[in-house]
Amino acid sequence: MSMNTHGRPTQPVAANADGAASFSGNRGLDLQEPLIFELGSNTRTGVDLSDEKITKSYLGGLERTQPINLPGLSEPEVVRHFTRLSRKNYAIDMGIFALGSCTMKHNPRLNEKMARLPGFGDIHPLQPQSSVQGALQLMHTLAHWLTTLTGMPAVAMSPKAGAHGELCGLMAIRAALVARGNARQVVLCPESAHGTNPATAAFCGYRVEDIPANAKGRVDLEALKARLGPDVAAIMLTNPNTCGMFEPDIKAIADAVHAAGAFFYCDGANYNALVGKVRPGDLGVDAMHINLHKTFSTPHGGGGPGSGPVVFSEALAPFAPIPTVIKNADGYHLIEEENAESQTTFGRMVAFHGQMGMFVRALTYMMSHGADGLMQVAEDAVLNANYILASLKDVMTAPYEGPCMHEALFDDSFLKGTGVTTLDFAKGMIDEGFHPMTMYFPLVVHGAMLIEPTETESKATLDQFIHSLRGLAKAAVDGDANRFTGAPYFAPLARLDETRAARQPILSYKEPEMLQAAE
Ligand SMILES: *Cc1c(COP(=O)(O)O)cnc(C)c1O
């Protein structure tokens, strides 16, 4: 395969049955796509502007002296370029997206319709509150659903993602501890924690210590009790945990943490497994973020911004951030400043009030499901994951005994001696037309593969997915390593140097001549 000066292949992989390339370089409707700079030229333009004579410059000598070198293209060329690129994306609207821990569920179209209503979509956060009463009411109603579902008395709506919610929770915990006279030094995170947990604690100035997992993939309660002491500010625990298992000792964990004067932060990213079934407030949780973009179906990843409201216990509620929405006799109001009602708040995390578009989508999802429907969300999510676990565990290997919650965890023992790694297996899935599951996470099992189907997939879709994975697992064990080690064969590009791309990203385009001159 020959490469251009940017290290990108210029020759397509063989396209037809005889192994010959097509004349165009395309593979059927899978079109080759160069960079827009490679497509464009300085001699073309999509607009006609008259040569306006500039008589006076206001740039104070900072005028550009060299050509700007933006690619010149016609309008259809630009539209086609970005449309072709968009078709290379895998998306939840194209197929099952079984990334464990990410809860990639279908985003109902009704949510989109509601979010585009002018009263929600066309308003500005600096408008007078009297002119946006409907939007404030929506925030107030959503807050009510969140506190009711979780059994927690207060909620901060403004955090803009799960990790931002973690920061919000820990800042409230720190403020509560400081009010008691000592912020303490340590935050405990179980071995299986999501990477954002220790990162948040460190960002908040805490030292992070691991709590080991036991043989069943759960928190080792005795190890936790032994470590608790007057220097521990909080534990950050995910339930169900990132192995997809319920923590059966959760009440005992909460009691032990509270007895040591510490707080219990629950990472609520996996709330999809519990919504409507269990109230985290009843488990002794002090703070928990809820990923609206996971549990309540608002788009995420490239599809939209996240939203991570945080619910608080009685003990932490006074320290929650502003703003909050309250209701009194003459309507809905935003509390935006510290005042008598919010004296001990730790302050403000974002410029305005949170992700309004996501609030509308999440509340639409809740109201269209109703209380009974939300309970069924959790039941069906757990059922789908167990269907996958039960259908694959004779050909793949599950590290822990028994049923799972909303996601099914496998390790790489079934690949032992086959010459196929977890990464190869994932690349093989791309040839089957599936986005791979979450790989190498959680770290507590070797070569992890974590599959979360969500409740929104039909049995027919799950059966197709299972059929392909069974085929791949058998092929690996039967010695067909080639199927994997060169995969993906059917993607336009394969096995890019992902580490180098992350470590040394090339973010600006240089003409090939400029690159050669630099060498
Ligand atoms: C997704 C996730 C997070 C982080 O949420 P973001 O919205 O991506 O910041 C934290 N913990 C767990 C377990 C998650 O799955």
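The values are calculated or read from the model by the stated rules, or taken from the named source; none is laboratory data. Bear in mind that the values here come from a model prediction, so they are computed numbers and not experimental data. Positions of Cβ are backbone-derived with ideal geometry, glycine not excepted, and every protein chain shown enters the neighbour counts. Ligands, DNA and RNA are excluded from the accessible area calculation, which covers all protein heavy atoms including side chains. Shrake-Rupley method; radii C 1.70, N 1.55, O 1.52, S 1.80 Å.
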_Conditions first: (1) within 16 Å of the ligand (Cβ to nearest atom); (2) without any contact (Cβ under 8 Å) to a residue 60 or more places away in the chain; (3) farther than 30 Å from residue 87 by Cα. Residue 289 passes all but one, so which condition is the exception?_
(2)
_Count of region 246-266 residues which are open to solvent by less than 10 Å² (accessible area, probe 1.4 Å) and within 16 Å of the ligand (Cβ to nearest atom)_ = 5
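Restricted to region 153-171, and to residues that are open to solvent by 10 Å² or more (accessible area, probe 1.4 Å) and in contact with a Ser or Thr (Cβ under 8 Å, 6 or more places away or on another chain), which residue is farthest from the ligand (Cβ to nearest atom)? Don't jump to the end; show me each part of the working.
Taking region 153-171 and keeping what is open to solvent by 10 Å² or more (accessible area, probe 1.4 Å), we get 153-155, 157, 160-161, 163-164, 167, 171.
Restricting the remaining residues to those that are in contact with a Ser or Thr (Cβ under 8 Å, 6 or more places away or on another chain) gives 153-155, 157, 160-161, 163, 167.
Details: 153: 23, 154: 21, 155: 16, 157: 15, 160: 8, 161: 4, 163: 3, 167: 10 Å.
Only one residue tops the list, namely 153.
Give, as residue ranges, the helices (runs of 4 or more DSSP H) completely inside region 33-115 that count at least 1 residues that are over 38 Å from the mean Cα position of the chain (by Cα). Quick ask: steps written out before the conclusion?
Details: elements: 36-39, 75-87, 109-115.
In region 33-115, no matching helices (runs of 4 or more DSSP H) lie anywhere.
Which residue is least open to solvent (accessible area, probe 1.4 Å), if the candidates are limited to region 189-199 and must be within 9 Å of the ligand (Cβ to nearest atom) and in contact with a helix residue (DSSP H, G or I) (Cβ under 8 Å, 6 or more places away or on another chain)? Reasoning before the result, please.
If we filter region 189-199 for residues that are within 9 Å of the ligand (Cβ to nearest atom), which is where we start, we get 193-197.
Filter once more, keeping what is in contact with a helix residue (DSSP H, G or I) (Cβ under 8 Å, 6 or more places away or on another chain): 194, 196-197.
On the way: 194: 63, 196: 39, 197: 0 Å².
Ranking the candidates gives 197 first.
Restricting attention to region 430-446, which residues are surrounded by fewer than 22 Cβ atoms within 10 Å (Cβ to Cβ) and over 21 Å from the mean Cα position of the chain (by Cα)? Working first, answer last.
Within region 430-446, the subset surrounded by fewer than 22 Cβ atoms within 10 Å (Cβ to Cβ) is 430-436, 438-441, 443-444, 446.
Correct list: 431, 432, 433, 446.
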*On the given criteria, is residue 132 more than 16 Å from the ligand (Cβ to nearest atom), of a type in the set (A, V, I, L, M), surrounded by 13 or more Cβ atoms within 10 Å (Cβ to Cβ) and in contact (Cβ under 8 Å) with a residue 60 or more places away in the chain?*
no
*Any chance region 276-286 includes a residue that's buried (at least 20 other Cβ atoms within 10 Å of the Cβ), at pLDDT 95 or above, assigned by TED's automatic domain parsing to the domain that holds residue 221 and within 11 Å of the ligand (Cβ to nearest atom)?*
no
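Against the condition among the polar types (S, T, N, Q) and in contact (Cβ under 8 Å) with a residue 40 or more places away in the chain, how does residue 364 come out, does it pass? Working first, answer last.
Numbers: among the polar types (S, T, N, Q): yes; in contact (Cβ under 8 Å) with a residue 40 or more places away in the chain: yes.
Yes: the conditions hold for residue 364.
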*Residues located in region 301-320, provided they are more than 10 Å from the ligand (Cβ to nearest atom) and open to solvent by less than 10 Å² (accessible area, probe 1.4 Å)*: 309, 310, 311, 312, 316
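So which of 298, 344 is touching a residue at least 40 places away in the same chain (Cβ under 8 Å), polar (S, T, N, Q) and either part of a helix (DSSP H, G or I) or buried (at least 19 other Cβ atoms within 10 Å of the Cβ) (or both)?
On the way: 344 fails: either part of a helix (DSSP H, G or I) or buried (at least 19 other Cβ atoms within 10 Å of the Cβ) (or both).
Result: 298 is the single residue among 298, 344 that is touching a residue at least 40 places away in the same chain (Cβ under 8 Å), polar (S, T, N, Q) and either part of a helix (DSSP H, G or I) or buried (at least 19 other Cβ atoms within 10 Å of the Cβ) (or both).
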_Filter result for the condition that a residue is basic (Lys, Arg), crowded, with 17+ Cβ neighbours inside 10 Å and at pLDDT 90 or above, over 500, 483_ = 483
_Which count do you get for residues in region 168-195 that are at pLDDT below 95, within 23 Å of the chain's Cα centre (by Cα) and of a type outside the set (D, E, K, R)?_
5
*Does residue 269 satisfy the condition of being assigned to a helix (DSSP H, G or I), within 16 Å of the ligand (Cβ to nearest atom) and in contact with a Lys or Arg (Cβ under 7 Å, 6 or more places away or on another chain)?*
yes
_Looking at region 200-243 only, could you name the residues that are open to solvent by less than 60 Å² (accessible area, probe 1.4 Å), more than 22 Å from residue 402 (Cβ to Cβ) and either assigned to a loop (DSSP other than H, G, I, E, B) or within 13 Å of the ligand (Cβ to nearest atom) (or both)?_
200, 201, 204, 205, 206, 228, 229, 231, 236
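To keep it simple, each residue is scored yes or no on (1) buried (at least 22 other Cβ atoms within 10 Å of the Cβ); (2) assigned to a loop (DSSP other than H, G, I, E, B); (3) of a type in the set (S, T, N, Q); (4) in contact with a Ser or Thr (Cβ under 6 Å, 6 or more places away or on another chain).
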{"site": "333", "(1), (2), (3), (4)": "no, no, no, no"}
{"site": "358", "(1), (2), (3), (4)": "yes, no, no, yes"}
{"site": "382", "(1), (2), (3), (4)": "yes, no, no, no"}
{"site": "400", "(1), (2), (3), (4)": "no, yes, no, no"}
